[in-house]
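Heads up, the thing below is written out as structure tokens.
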């Protein structure tokens, strides 16, 4: 069984450690843990890992956040992976820092990457793992906030929180969405 893990973020060193790139950070962690290396593919950097007999195709779009749907549609089509086997890993301002929320469908919640995926795929029925980045910014400063690095305090336990998010990704493939939601959303 194959799973497409669409990790959202922006390419470029200037974005590498920003809140908006938490999806890339989770994918990078999984690749490193499984000794996999990303290669340049169409609309994305791509690699595969295996875990408990399942194949996870890690995709980091190179289209920038607001055009993430291009990578989703392309890789689902090329790899013949059903939408039910796709998980989008993204940041979420509505959740406290580090809080994880796994869902099978839902609105874009103002997230332009999710909005483009929904427009491109024509549905909001795809799984997403939301990683809380909090909303600790003055009114009107949302863009600056998500494009800033995590705070010094947040960086202390960021590696542990990324590991937990990576575990949630693997649970999605090995346990199935419903069981994984029961595990991830309780913590």
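The values are calculated or read from the model by the stated rules, or taken from the named source; none is laboratory data. Because the structure is predicted, anything quoted here is derived from the model rather than measured. All Cβ positions, glycine included, derive from the backbone under ideal geometry; neighbour counts span all protein chains shown.
Observations on the model:
- Residue match in segment 7-21 (condition: crowded, with 23+ Cβ neighbours inside 10 Å, in a strand (DSSP E or B) and touching a helix residue (DSSP H, G or I) at 6+ places or on another chain (Cβ under 7 Å)): yes
- Residue within segment 40-55 that is assigned to a helix (DSSP H, G or I) and either surrounded by 14 or more Cβ atoms within 10 Å (Cβ to Cβ) or touching a strand residue (DSSP E or B) at 6+ places or on another chain (Cβ under 6 Å) (or both) present: no
- Of the helices (runs of 4 or more DSSP H) contained entirely in segment 126-187, those carrying at least 3 residues that are over 30 Å from residue 76 (Cα atoms) fall at 142-146, 152-175.
- Within segment 69-95, being surrounded by fewer than 19 Cβ atoms within 10 Å (Cβ to Cβ) and at pLDDT 95 or above holds for 70, 73, 74, 77, 78, 79, 80, 81, 82, 83, 84.
- Of all the listed residues (153, 167, 144), the sole one being free of Cβ contacts under 8 Å to residues at least 24 places away in the same chain and either in contact with a helix residue (DSSP H, G or I) (Cβ under 7 Å, 6 or more places away or on another chain) or under 24 Å from residue 50 (Cα atoms) (or both) is 167.
- Per the conditions (1) at negative phi; (2) at pLDDT below 95, the sole criterion not satisfied by residue 179 is (2).
- Search result, residues across segment 114-146 that are in contact with a strand residue (DSSP E or B) (Cβ under 8 Å, 6 or more places away or on another chain) and either modelled with pLDDT of 90 or more or at positive phi (or both): 114, 117, 126, 127, 128, 129, 130, 131, 132, 133
- Test for residue 66: is it in contact with a helix residue (DSSP H, G or I) (Cβ under 7 Å, 6 or more places away or on another chain) and surrounded by fewer than 23 Cβ atoms within 10 Å (Cβ to Cβ): yes
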